[in-house]
Amino acid sequence: MDKKKPIMIGMTGLGALTAGAYQLVKMVYSGSRFLDSYLDQYDYDLVKMNSNVKLEEDGYYSIIKKDDKPFRVLQLTDLHIGGGYFSRHEDRRALSIVRNVIEKTKPDLIVLTGDLTCSRAHISLSRNNLHSYEIITRLLESTGIPYAVTFGNHDAEGKATHKRRELAQFLMTKPNSLLVRTDETETITGVSNYIIKLRNQSGELNSVLFMLDSNEYVYRNKKKKYDCVHEDQLEWYEKVTNRINKEEGRIVPSHIFMHMPIKEYEDAWDSAINARKSAKYYYGSRDEVISTQSGECRLFEKVKELKSTKAIYCGHDHLNDFSVEYEGIRFTYGQGIDCLLYAKNLSEHKGGTLITIHKNGTFEIKGKKHR
């Protein structure tokens, strides 16, 4: 029998393999430019703004209405933009949903509650989470609408090229981003803790929006679990709330936005669907396990103590989109937009959540499907 001849790779073939490997590595660490032409069409302001943005003396931004119409705050969550060649079609679909919801709601402010990226090479062929943020902010900046980001557990996980602090620094360079880091937040846990003040046309403070960083992961009993809002963050929340209430001479209504739900979301849902006196059902469903923050998070305890916060908003669980009231506090899941992970083909869950805040601080919440 003839022996098989060994396969020989000449210098030309070896060079081609090397060049191919280089291009693959480059794509993993730089991301794909596939969406550039899609984003090029959005080079204009989407709405005529009825408000002004001002950086106040305490280092936080305020949005001041030009008229007496209600504030319209749009919550978007869990975009999971991969930014790579593998995820190009899912990314475009997610961006299309974002644009569609913004066009329908025409908000004064957009709040994004984490997991804007999914920098997993085996899913998207990109680890460059900053590139994903470049894609997202390019679309957001084109609308002319101010926006606020608080980070989720996926934004800088694993082998992502950039840390959350670097993402925060990038966001602070964007003209319409309201994320700031002040002396008092620089020393506490998390990198996306800040407030936004909503002021009526007269300049009167209407409401305060707290962005709280629910952080990423922690090991408890040698098991990887979701982290939580830490005690130093609660101390900051209390300090800012008391300072503002003292300045205004009254309890100013506030709202909290974060990525991962606190454990009371379970109690709120259970109480609402069982028609207990302590709860009220508004809309939506719980279609998966509520993946709560771990540890002893005392956020709800502090909220009840301070009597300022009227509503809490989160993302994280893509198939939960309910809004219920529990012990006088509104608990709301944002409408997830995920087109890349486990909810990618479930269009009924995709959209945004519109919070309408009136001149006197009262509010309504409505889930907005993208269709």
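Below are the figures for this structure:
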item	result
Qualifying residue in the range 105-119 (condition: under 26 Å from Phe363 (Cα atoms), touching a residue at least 24 places away in the same chain (Cβ under 8 Å) and part of a helix (DSSP H, G or I))	yes
Complete set of residues in the range 185-207 that are part of a loop (DSSP other than H, G, I, E, B) and crowded, with 21+ Cβ neighbours inside 10 Å	Gly190, Val191, Ser192, Asn193
Test: residue in the range 172-184 that is within 12 Å of Leu130 (Cα to Cα), surrounded by fewer than 18 Cβ atoms within 10 Å (Cβ to Cβ) and in contact with a helix residue (DSSP H, G or I) (Cβ under 9 Å, 6 or more places away or on another chain)	no
From the options Thr173, Thr137, residue that is of a type in the set (Val, Ile, Thr), assigned to a loop (DSSP other than H, G, I, E, B), over 16 Å from Gly315 (Cβ atoms) and at pLDDT 95 or above	Thr173
Residues (without any contact (Cβ under 8 Å) to a residue 12 or more places away in the chain and of a type in the set (S, T, N, Q)) located in the range 188-246	Ser202, Asn221
The range 70-95 - residue that is among the polar types (S, T, N, Q) and either free of Cβ contacts under 8 Å to residues at least 40 places away in the same chain or in contact with a strand residue (DSSP E or B) (Cβ under 7 Å, 6 or more places away or on another chain) (or both) and, of those, nearest to His349 (Cα to Cα)	Thr77
All positions within the range 247-288 that are touching a residue at least 12 places away in the same chain (Cβ under 8 Å) and more than 25 Å from Lys366 (Cβ to Cβ)	Glu248, Ile251, Lys263
Number of the exception - Thr353 against (1) in contact with a Ser or Thr (Cβ under 8 Å, 6 or more places away or on another chain); (2) over 14 Å from Gln75 (Cβ atoms); (3) hydroxyl-bearing (Ser, Thr, Tyr)	(2)
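The values are calculated or read from the model by the stated rules, or taken from the named source; none is laboratory data. Everything numeric here is computed off the predicted structure, so don't read it as measured data. Quick reminder, even Gly has a Cβ in these numbers, built from the backbone with ideal geometry, and neighbours come from all protein chains shown.
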